[in-house]
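The next block holds one structure in the form of structure tokens; read it before the comments.
The values are calculated or read from the model by the stated rules, or taken from the named source; none is laboratory data. Since the structure is predicted, the reported quantities are computational estimates derived from the model, not experimental observations. Quick reminder, even Gly has a Cβ in these numbers, built from the backbone with ideal geometry, and neighbours come from all protein chains shown. Accessible surface areas use protein heavy atoms only, side chains included; no ligands, DNA or RNA. Shrake-Rupley method; radii C 1.70, N 1.55, O 1.52, S 1.80 Å.
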Amino acid sequence: MEYLIRDFSQYIITFCMAIYTYECFAVFRYSDMEDRNGIYMRQTVLLFVIHTIGFLVLYLQKNDLRYLFLYAVQLIVLFSVMVLFRAFYAHINRLTVNNMCLLLSIGFLILTRISIQKSISQFCIVVASLLIGLMIPYLMRKAPFLKRLSWVYAGVGIAALGLVLLVGAVTNGSKISYRFLGFSFQPSEFVKIIFVFFVASMLYRSTHFLQILLSALVAGAHVLILVLSRDLGSALIFFVVYICMLFVATGKWIYVGLGTGFGVVAAWSAYRLFSHVQVRVQAWQNPWDDITGTGYQIAQSLFAVGTGGWFGLGLLGGTPTSIPYAETDFVFAAISEEFGAIFAICLLLVCISCFMMFMNIALRSKDNFYRLLAVGLGITYIFQVFLTVGGGTKFIPLTGVTLPFISYGGSSVLSTVIMFSMIQGLYMIGSDEENEMQ
């Protein structure tokens, strides 16, 4: 009976996810808030249906009351977040809140399926992150001086990354974190937000050559430290974010061309200098040559994606734990195996709808600093999604970054909650600007 319920549940979950995804894009057609509120309400119901059915399947197959308790507290927290954001702030972007809660709920489901201990740990970090996130929109509106702290951002970012380079622990050949008070801390997850603030504060007033040169030198220092730490995935994110923000600030394609040329040279140099980059590129080109060695991760990921089919094998129906780092680097493959290709595609579309809303908020902003800030945060988010999914599906070489909100990792989920909360603050600042003009 449990297996019948599991198989049938996949069709319901896929249907709900497809409808939710459609509503993510349908909302852009309406300017009337009443029409949008109807969409947001349907989305809320659909995401809780997905969350409820998923945990019901897990409980029926595991027969462990911990799953019901975990589901109940997660339900309370997700619902409370939606209520509190609306209670604290008169003008919020509900699509962003809904998508954040949906992605968190999907992360809870797949992590609970892989390891309930890790899911509990992740949930505790999410609760703390959301409490911090609730305060950020207020702080964004009350802190216009953030525009003037360019060199503070530069100093803090370089110092934090430099500390990892000096005392960080080596993980899979890279120095990406260090331990503080018993907790593992990955500074690059937060420095990428500080970096966006630095670039925005440098370029919003002036795009003269000297200003661009100074910003490029500081950006290059960030990237160089990350390269020396062998955190090449983060280095690539910083590089792409800077080029995109520079283009938005100046509108000049020559900077895109120069950046692309420099990026090609840097990628070739990294391949020549770092053996683990060579291993990843070779595994990407043909994982079948060494399927039990260097190609094992990507081969297992591709097997999982292919095995899931359109509707998936159902929760606990697949073997995602056979993929090394399934809860972090390859969580998209685990989702594809158990939830199916349709669900996985919808997940990507939800992420794209988040990015579209970020860009919509950027276009609405009358202040160039806030516009650049929204663009930088949006590029940071969607490019990280691209790197994670692209690496796990053999579209690009593996970079070792996490899927925001879904992958296991405290630093990742906290930094992403902060980004989404900042976007809420920018949305409310844009609303304030529109009200002042009326």
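Within the chain, what is the longest stretch that has no chymotrypsin sites (Phe, Trp or Tyr not before Pro) placed in a DSSP loop and near at most 13 other beta-carbon atoms within 10 Å?
By the stated rule (loop sites, at most 13 other Cβ atoms within 10 Å), 31-309.
For a quick size check, give me the Cα extents of segment 7-51 along its three principal axes, largest first, whole Å.
Reported extents, whole Å, longest axis first: 39, 15, 9.
Dividing the Cα convex hull volume of the chain by residue count, how many Å³ per residue is that?
Cα convex hull per residue, to the nearest whole number: 144 Å³.
With the cut-off at 1.5 for a/c, could you classify segment 206-357 from its C-alpha gyration tensor as rounded, prolate or oblate?
Working: a/c = 3.08, a/b = 1.66, b/c = 1.85.
Oblate shape, in that a/c is at least 1.5 and b/c is the bigger or equal ratio.
Cα-Cα pairs above 14 Å in segment 322-400: how many percent?
66 percent
Could you calculate the contour length gain from I116 to R66, that is, 0.36 nm times the residue separation minus the distance between their Cα atoms, to one decimal place in nm?
Going from the current span to full extension adds 17.1 nm.
Residues with amide H under 5 Å of S177's amide H, sequence separation 5 or more or different chain, H placed in the peptide plane at 1.01 Å from N; which?
Amide H neighbours of S177: A169.
When N counts the residues of segment 1-109, how does its alpha-carbon radius of gyration compare numerically with 2.2 N^0.38 Å, as a ratio?
Working it through for segment 1-109, the quotient is 1.16.
Run the simple label-point estimate for M135 and L84 please: 7 Å along Cα→C-beta, distance reported in nm.
Modelled inter-label distance: 1.1 nm.
Does segment 291-364 come out rounded, prolate or oblate by the C-alpha gyration tensor, with a ≥ b ≥ c the root eigenvalues, rounded set by a/c under 1.5 and, if not, prolate when a/b is larger than b/c and oblate if not?
Prolate, because a/c is 1.5 or more and a/b exceeds b/c.
Quantify how much of the Cα-Cα distance distribution of segment 297-438 extends past 25 Å, in percent.
36 percent
Rounded to the nearest percent, how much of the accessible area of segment 352-407 (1.4 Å probe, protein heavy atoms only) is carbon and sulfur?
Exposed carbon and sulfur together represent 72 percent of the surface.
Can you give the Kirkwood hydrodynamic radius for segment 148-296, in Å, rounded to one decimal and based on Cα pairs?
Hydrodynamic radius (Kirkwood, Cα only) of segment 148-296 equals 16.6 Å.
Using only protein heavy atoms and a 1.4 Å probe, report how much of I110 is accessible, in Å² to the nearest 10.
Its heavy atoms expose roughly 0 Å² to the probe.
Taking a probe of 1.4 Å, how large is the accessible area per residue of the chain, in Å²?
On a per-residue basis, the chain sits at 43 Å².
Give, in nm to one decimal, the length gained when the segment between L210 and K366 is fully stretched (0.36 nm per residue of separation minus the Cα-Cα distance).
53.7 nm
When N counts the residues of segment 84-213, how does its alpha-carbon radius of gyration compare numerically with 2.2 N^0.38 Å, as a ratio?
Normalised Cα radius of gyration, segment 84-213: 1.32.
Give, in whole angstrom and from largest to smallest, the semi-axes √(5λ) of the equivalent ellipsoid of segment 212-296, with λ running over the eigenvalues of the Cα gyration tensor.
30, 14, 10
Can you tell which of S415, S201, S31 shows the greatest fluctuation in a Gaussian network model of the chain with Cα springs below 10 Å?
S31
Convert each backbone phi in segment 404-415 into a coupling constant with the Karplus relation 6.51 cos²θ - 1.76 cosθ + 1.60 (shift: θ = phi - 60°), then list the ³J(HN,Hα) values in order as whole Hz, x for Gly and Pro.
After applying 6.51 cos²θ - 1.76 cosθ + 1.60, I find x, 6, 10, 5, 6, x, x, 4, 5, 5, 5, 5 Hz.
Taking 0.36 nm per intervening residue step and subtracting the Cα-Cα distance, what contour gain separates L273 from L146 on full extension?
The L273-L146 span can extend by a further 41.9 nm.
Hey, with R₀ at 25 Å, roughly what FRET efficiency would D290 and T321 work out to, going by the Cβ-Cβ distance, to 0.05?
With R0 = 25 Å, the Cβ-Cβ based efficiency is 0.70.
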